[in-house]
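To start, the structure under review is shown below, and the notes come after it.
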Amino acid sequence: MSDIPSALEPLYPEPGADLGSILDERLTSAAFDAAQAVVRCSRSLGIPSYAVGGPIRDMLLGRSVTDIDVVVEGDGISFAGELAAGEKGKMVEYARFGTALVVLPGGVKIDVATAREERYVKPGALPAVEPGSLDRDLLRRDFSINAMAVRLGPDEYGRFVDTYGGIRDLEAGLIRVMHDGSFTDDPTRILRAVRFETRYGFSIEDRTYRLLEDAVRSAVLAEVSRQRLREEIVAVLKEEEAHSAVSRLYEAGVWKDLFGSDYRLPKKLEERFQSADEAIVWYSELAEEHGLTGARPWLVRWLLLMSDTPLGTTERITSKFHLGKTALKSISELKERLEKVRRFLETGDFGSKSTLYRMMEGLAPETMIYTVAVSGREDTLHRIEQFLLELRPIEAWVNGNDLKVMGLPEGPLMGRLLAQLFDAQLDGIIRTREEAHIEARKIVNNRSR
Ligand code: ATP
């Protein structure tokens, strides 16, 4: 057990092998404590429990494992209840799926599920669920590399369970579905397959890829709820090598299927993603140092994905997948203003501070990052920094209340006056608070005459 497992050697054990000490070594100390709590609970209830899925895959690949997913051959919800009570943690129950989330006092989360079988009544819809054995549970999973388990308790701690050849595929670097109907049962697996392929530098196994193409051709993605699609799209955009996954999904026809035939993949995608990543690092450091609002890197990448697509289509796609109001605002403002903003920021003489302020005011952080990325110029970056660090924190010397006291009613005129006074303050035409108030009073008096 260690806090920061370094890059460890991948391991390809035989099914049935004892992985107890490997498990202890490759879990972070928090995940190790969680596993021990599950072992204790399993012993006290006499119910078999297993760590399964992604964490086992990652452990074997030599990656750090920070949390565990547990499957029990018994009632997962009452197991989770006992686990939470025994460890003085909390439990959230998802009765419909026979799963529960246990949060231990230190904040470690453990997903506990009843070993189950799933029947797909309709493609793309959520399945009907029945209790089953571990092997049946592993069979319902998306890919063989995600269908391996390690026993935790009550006995045989560390026994490796690989019923469906997951380790063989892990070693060969293959993403393989568990059965031919897999993509039709759950089309989100199309995006998941590409995501894992990209993340680990694996290949989708030939037959699996043919099934994936068939599924895309028969438009199964249209059966999936937009919310689930959204989650998968965001997950793709969060991957480190997102651009490869994005291109691969385009080749497979997924984006045209989801976004419509007028969607265009931007040219020079890799280069653009790289510039965006650099701009994301620039902003994150700035935000951390100066306490600015954080940005969502996936949203910057989403903007990139839409950069060669007309505004109307982009807006339709963004609202269809509920990518959020901010996303929509960022996209619209960006498409409408980007060229103007860019030209402005890139000209040698960028005019007054107030012009810079008005140009950047209200832009979402993601839009600013995107602007830096597509501009690729140092001076664009410096101007945005000037806006964020120097201009935006400035407080106006005259506010709406002051104008009201001077006798000006609320309304559009007040807004214009405040802007005019603030611009003069930014540009140094008005130099003190006192001067600002004198000027304000003068303007208000002139208007009321
Ligand atoms: P990540 O590292 O991206 O979190 P993960 O494999 O842990 O990868 P999760 O989405 O957390 O991914 O899913 C946990 C496990 O649940 C998977 O390893 C897989 O066994 C199973 N699973 C998840 N989604 C599906 C799906 N759509 N169909 C079948 N099994 C799935």
Study note, to complete from the structure: Zone reached by a paramagnetic label modelled 7 Å from R447 Cα along Cα→Cβ, restricted to region 391-408 with backbone N below 15 Å, covers 398-408
Practice item. Working from Cα positions, state the angle (0 to 90°, nearest 10) between the long axis of helix 412-426 and the longest principal axis of the chain. Key: 90
Exercise for review: Between H290 and E435, with labels modelled 7 Å along Cα→Cβ, what's the label distance in nm to one decimal, could you check?
Suggested key: 2.5
Practice item. For the chain, build the charge dipole from Cβ charges (+1 Lys, Arg; -1 Asp, Glu) around the Cα centre, then report which of G201, H243, L134 sits farthest towards its positive end. Key: H243
Review point. How long, wide and thick is region 400-448, going by the Cα atoms along their three principal axes, in whole angstroms, largest first?
Key: 27, 18, 18
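Counting other beta carbons within 10 Å of each Cβ, put D169, D69 in order, fewest first. Each step should come with its number before you reach the end.
Values: D169 21, D69 18.
In order of increasing Cβ crowding within 10 Å: D69, D169.
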Point to revise | Gained length - K238 relative to Y12, 0.36 nm times residue gap less alpha-carbon distance | key: 78.6 nm
Study note, to complete from the structure: The size of the Cβ-based charge dipole (Lys, Arg +1; Asp, Glu -1) of the chain about the Cα centre, to the nearest 20 debye, is 2000
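Could you work out [θ]222 nm for the chain from helices alone, using -39500 (n - 2.57) per DSSP H run of at least four and dividing by all its residues? Round to the nearest 500 deg cm²/dmol.
Details: 22 runs with 241 residues, N = 449.
Taking each H run of at least 4 residues, the total per residue is -16000 deg cm²/dmol.
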Exercise for review: Consider just the alpha-carbon atoms of region 173-261 and return their Rg together with their Dmax, both in angstrom.
Suggested key: 11.8, 33
Exercise for review: Count neighbours as other Cβ atoms within 10 Å of each site's Cβ, and list the GluC sites (Glu not before Pro) in region 409-444 that are DSSP loop with at most 10 such neighbours.
Suggested key: E410
Study note, to complete from the structure: Listed with the fewest Cβ neighbours within 10 Å leading, F321, F97 appear as F97, F321
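Count neighbours as other Cβ atoms within 10 Å of each site's Cβ, and list the trypsin sites (Lys or Arg not before Pro) in region 354-443 that are DSSP loop with at most 11 such neighbours. The partial results should precede the final answer.
Working: sites: R358, R377, R383, K404, R416, R431, R433, R441, K442; in loops: R377, R431.
Passing both the DSSP loop test and the Cβ count: R431.
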Point to revise | Estimated inter-spin distance, A172 and D67, nm [label 7 Å along Cα→Cβ] | key: 3.3
Review point. Just from the alpha-carbon atoms, what are the Rg and Dmax of region 1-141 in angstroms?
Key: 15.4, 45
Practice item. For a footprinting-style exposure proxy, rank D308, D142, D33 by other Cβ within 10 Å, fewest first. Key: D308, D33, D142
Point to revise | Spacing of the two label points (7 Å from each Cα toward its C-beta) at E270 and K88, in nm | key: 5.4
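Round to the nearest 0.05 the FRET efficiency obtained for E378 and H322 when R0 = 56 Å and r is the Cβ-Cβ distance. Show your work: numbers first, answer last.
Working: r = 37 Å, r/R0 = 0.65.
The value I calculate is 0.95.
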Check your understanding: Picking from V102, L191, Q425, whose Cα lies most toward the positive end of the charge dipole for the chain (charges on Cβ: Lys, Arg +1; Asp, Glu -1)?
Key -> Q425
Review point. Packing-wise, with mean Cβ within 10 Å as the measure, how do 103-113, 181-191 rank, highest first?
Key: 181-191, 103-113
Practice item. Consider all pairwise Cα distances in the chain and report the whole-number % of them above 35 Å. Key: 47
Practice item. Determine, from the Cβ-Cβ distance of R43 and L139 and an R0 of 35 Å, the FRET efficiency 1/(1 + (r/R0)^6), rounded to the nearest 0.05. Key: 0.80
Check your understanding: How far, in nm, would the chain grow between E231 and A128 when pulled straight, counting 0.36 nm per residue and subtracting the alpha carbon separation?
Key -> 35.0 nm
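Read the figures in this text as sums done on the coordinates, not as results from a lab. For clarity, every value in this text was computed on a predicted model and none was experimentally measured. For neighbour counting, all protein chains shown are included, and Cβ atoms are generated from backbone atoms with ideal geometry for every residue, glycine included.
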